[in-house]
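The values are calculated or read from the model by the stated rules, or taken from the named source; none is laboratory data. Model, not experiment: these values are computed from the prediction. Cβ atoms come from the backbone with ideal geometry, glycine included; neighbour counts cover every protein chain shown. When the accessible area is computed, the model is the full protein with side chains, heavy atoms only, and any ligands, DNA or RNA have been set aside. Shrake-Rupley method; radii C 1.70, N 1.55, O 1.52, S 1.80 Å.
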Amino acid sequence: MSAATDLAVRLSDASVRKSWDVYTAFDWPEQLDPEAEWYMLPELISIYGTETWEGLSETEQKRLSFYEIVNFFSFVLYGERPLISGLMNRMYRKRTQGPITDYLHHFIDEENKHMIMFGEFCKRYAGKIYPEKKIVLPREYAKGEEEIAFFCKVLIVEELGDYYNLKMMSDKTINPLVAKINKVHHIDEARHLGFGREFLRELADETVDSWTAEETESFRTWLTQYLSSSWGDFYNPAVYKDAGIKDGYGTRKMAMAHSACATFRAEASQKLVDYFIDTRLLSEAPAL
Amino acid sequence: MDEKAIREGLRGWIIDRAGATPDALPSDQQAILDDGLLSSLDIVEFILFIEDLREEEVDIEAIEPEVFNNIDSLVEAFFPDAKSVSPA
């Protein structure tokens, strides 16, 4: 039994023990006041540490924190959609039949509940889910690359999301419903991340050595660009406009280029980047 | 903004993003994606630039990937009401 298969057995047991009902897990207040409290933890807000952030009043900062959490929940929701689709397409295959498919049933069930949870918050309190702007174009893959790319995408959306979950789930200064959503998400994601890291490591061990130097370099370039692009989701011009900042696109460009934000991205990505280097999917830490 | 300015804006963004020189995009019919100037991972950033240029959000569900073929198809899809002033 491979390490991932052995782990899948234990994770399935844990998923059964920790199963929860998305329709009864939360008490949803009738409404939330965007300017009355913190929603996204201030130091996690995309423009934190910039002159634009310092120029906002506390009320304006709180309003921005509300739209930032709606954006965070929106793009995690959209990130989970292709994840569910991809996992479903990988069930009951030769490689995944048995305990791994058993666990994928839990994985998909939990991701579906997360989408319901995030969607409920966004629709109820913001009246919308920020739309994603991604278009998937067909591309050619080296042998095994498509599988590895899929599980890298899974790991990126979950690892970055979990960095935020961990910071917010026990914090007493933010809205308690937001803290609870982050905690519920983290508890499931900890299992998903454990499985994803192990399964991807086995795939990488089997595949990377079969690639040519050119194929390996091409994959690493794509992974670097994908990770950088994923960080772009946090800097949404529509969020800045909703928060009352006039130049939404300019604010995005400013923040993405600002040294304080780059330092934050590097710190938040450290664990993920170390894993990718350890599995040889990256050769060095990229500039994010 | 008139059509000429829109085309120049799109051209400048693509060349800058690709890290290329202007001769890499000699006409508004040249393929942007197929010729490797942009990749699918550049599209999100490009859409946000287009939204800023036209001062209106893009409904991603209403467009097909083919609109990113070249500058002509971009103008037709995202700036249908732009005043036509002798395009490049």
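One residue stands out in the stretch A:264-288 among those that are farther than 20 Å from A:Arg201 by Cα and aliphatic (A, V, I, L, M): the one that is most open to solvent (accessible area, probe 1.4 Å), namely A:Ala287.
Considered as a group, the residues in the stretch A:163-172 that are free of Cβ contacts under 8 Å to residues at least 60 places away in the same chain and open to solvent by 10 Å² or more (accessible area, probe 1.4 Å) include one that is farthest from the chain's Cα centre (by Cα), and that residue is A:Lys172.
The rows are residues; the columns are (1) within 20 Å of the chain's Cα centre (by Cα); (2) under 19 Å from A:Cys152 (Cα atoms); (3) within 14 Å of chain B (Cβ to nearest Cβ).
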residue	(1), (2), (3)
A:Val208	no, yes, no
A:Ala213	no, no, no
A:Phe219	no, yes, yes
A:Ser230	yes, yes, yes
A:Pro237	yes, no, yes
A:Asp242	no, no, yes
A:Met256	yes, no, yes
A:Gln270	yes, yes, no
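What number of residues in the stretch B:19-50 are more than 8 Å from every other protein chain (Cβ to nearest Cβ) and aromatic (Phe, Trp, Tyr)? Summing the residues that are more than 8 Å from every other protein chain (Cβ to nearest Cβ) and aromatic (Phe, Trp, Tyr) in the stretch B:19-50 gives 1.
Taking the condition within 14 Å of chain B (Cβ to nearest Cβ), of a type outside the set (Gly, Ala, Ser) and under 15 Å from the mean Cα position of the chain (by Cα), does A:Glu132 pass? For A:Glu132, the condition - within 14 Å of chain B (Cβ to nearest Cβ), of a type outside the set (Gly, Ala, Ser) and under 15 Å from the mean Cα position of the chain (by Cα) - is met. Of all the residues in the stretch B:56-76, those that are more than 7 Å from chain A (Cβ to nearest Cβ) and either touching a residue at least 60 places away in the same chain (Cβ under 8 Å) or part of a helix (DSSP H, G or I) (or both) number 11.
Of the residues screened, A:Glu111 is not one that is open to solvent by 50 Å² or more (accessible area, probe 1.4 Å) and among the acidic types (Asp, Glu). Here B:Leu53 fulfils each of the conditions (1) of a type in the set (A, V, I, L, M); (2) over 27 Å from A:Gly248 (Cα atoms); (3) within 14 Å of chain A (Cβ to nearest Cβ) apart from (2). When A:Gly119, A:Gly127 are checked against the criterion of being surrounded by fewer than 16 Cβ atoms within 10 Å (Cβ to Cβ), closer than 29 Å to B:Glu64 by Cα, small (Gly, Ala, Ser) and over 20 Å from the mean Cα position of the chain (by Cα), A:Gly127 stands alone in meeting it. Checked against the criterion of being touching a Phe, Trp or Tyr at 6+ places or on another chain (Cβ under 8 Å), within 13 Å of chain B (Cβ to nearest Cβ) and either more than 19 Å from A:Leu41 (Cα to Cα) or assigned to a helix (DSSP H, G or I) (or both), the candidates A:Lys153, A:Lys246, A:Lys180 yield just one match: A:Lys153.
Yes or no, residue by residue, for (1) without any contact (Cβ under 8 Å) to a residue 12 or more places away in the chain; (2) open to solvent by 40 Å² or more (accessible area, probe 1.4 Å):
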| position | (1), (2) |
| --- | --- |
| A:Phe195 | no, no |
| A:Phe199 | no, no |
| A:Glu217 | yes, yes |
| A:Ser228 | no, yes |
| A:Ala238 | no, no |
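Candidates are the residues of the stretch A:1-40 that are basic (Lys, Arg) and without any contact (Cβ under 8 Å) to a residue 12 or more places away in the chain; the one that is farthest from A:Asp171 (Cα to Cα) is A:Arg10.
Consider only pairs whose beta carbons are under 6 Å apart and that are at least six residues apart or on different chains; among these, list those whose first residue lies in the stretch A:173-190 and is within 15 Å of A:Ile69 (Cβ to Cβ) and whose second residue is part of a helix (DSSP H, G or I) and β-branched (Val, Ile, Thr). Once the first residue is within 15 Å of A:Ile69 (Cβ to Cβ) and sits in the stretch A:173-190, its partners that are part of a helix (DSSP H, G or I) and β-branched (Val, Ile, Thr) give A:Val178/A:Ile69.
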